[in-house]
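These notes concern the structure reproduced below.
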Amino acid sequence: MASSMFLAQRRWFLSLPRNLSNARFFSALPSEHPVSVSGPQNNVGPESNKFEKASSAPSSLKEPELAKWDSEGPFKPLHKMNPTRLAFLRSTLCRHFRKDPLSARPFEGLRFIDVGCGGGILSEPLARMGATVTGIDAIEKNIKIARLHANLDPTTSTIEYCCTTAEKLVEEQRKFDAVIALEVIEHVADAAEFCKSLSALTAHEGATVVSTINRSMRSYATAIVAAEYLLQWLPKGTHQWSSFLTPEELTMILKRAGVDVKEMAGFVYNPLTGRWSLSDDISVNFIAYGTKEK
């Protein structure tokens, strides 16, 4: 059973081993950078400060703009990683909300927000699993792409996409059952303030999920030296190693924001099979699930 397999892979973060044989790579790809920010950003492009509400008028984007949705195109690694991210979300959130993980639509009746949604690669499968999804991104072009693709399917056309930030939604007193920010926090100006916003958006007894890159020597070698300079999978300067957070730092920041981390897992990539998998190894890519404290 799939759920039992993932359950066997998860461990409490305080006792996680650090060494597996699989290769580790990056977590973010060009133009898919999540940019819900707390202030001015570096390395996120000239449009990163466009926080105005995106127009709801029909998009003028050409079909090539949907290239990031081609699973065999330049965003192929992100598409390959997505099932592993979704496996963690399905397992932890079904347990949290007491839902059946084997159901086709386990998140029916729940409100989710995808912070830094990019083109909607995570938002759409969450909607197909029954969640009422809001996707936000600070880059208007990303929101236009997300809307254009979502409108191709009636199931995903209901996603609420907004060109805004988490902080602005806090001001509007919005609340969600699950707040999800994957590969975002390493790009924000103030991680502590960002986590406070995530906590404020999380409803009572809700869940918060954050993924990022560990500040380790291995992440420097793979996410920066290899991915940006040797293999040139990412533009140079995409990541700043000093902006990465260790699992202990992320746990502490979330705790101070009112979110208690309950579970943590790593993402590892096997270059022989071309597949990502959940792992106990959090030395590079990792994801944390926490609950809103009373």
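For residues that are crowded, with 20+ Cβ neighbours inside 10 Å and modelled with pLDDT under 90, scanning just the range 239-267, find the one that is farthest from ALA87 (Cα to Cα).
If we take residues in the range 239-267 being crowded, with 20+ Cβ neighbours inside 10 Å and modelled with pLDDT under 90, then HIS239 is farthest from ALA87 (Cα to Cα).
Which residue is nearest to ALA138 (Cα to Cα), if the candidates are limited to the range 99-118 and must be open to solvent by 10 Å² or more (accessible area, probe 1.4 Å) and among the charged types (D, E, K, R)?
Checking each candidate, the answer is ARG111.
State all residues of the range 151-200 that are under 19 Å from PHE244 (Cβ atoms) and not small (Gly, Ala, Ser); if no residue qualifies, say none.
Of everything in the range 151-200, those that are under 19 Å from PHE244 (Cβ atoms) and not small (Gly, Ala, Ser) turn out to be LEU182, GLU183, VAL184, ILE185, GLU186, HIS187, VAL188, ASP190, GLU193, PHE194, CYS195, LEU198.
Considering only the range 76-98, I want to know if a residue exists there that is at pLDDT below 95, more than 22 Å from ALA288 (Cα to Cα) and open to solvent by 40 Å² or more (accessible area, probe 1.4 Å).
The answer is yes, given that some residue of the range 76-98 is at pLDDT below 95, more than 22 Å from ALA288 (Cα to Cα) and open to solvent by 40 Å² or more (accessible area, probe 1.4 Å).
So, in the range 119-162, exactly how many residues are open to solvent by less than 30 Å² (accessible area, probe 1.4 Å), aliphatic (A, V, I, L, M) and assigned to a loop (DSSP other than H, G, I, E, B)?
Adding up the residues that qualify gives 7.
Based on this model, can you work out whether ILE136 counts as farther than 20 Å from THR291 by Cβ, of a type in the set (A, V, I, L, M, F, W, C) and at pLDDT below 95?
Taking the combined requirement at face value, the residue does not satisfy it.
The values are calculated or read from the model by the stated rules, or taken from the named source; none is laboratory data. This is a predicted model, so every value here is computed, not measured. For neighbour counting, all protein chains shown are included, and Cβ atoms are generated from backbone atoms with ideal geometry for every residue, glycine included. Accessible surface areas use protein heavy atoms only, side chains included; no ligands, DNA or RNA. Shrake-Rupley method; radii C 1.70, N 1.55, O 1.52, S 1.80 Å.
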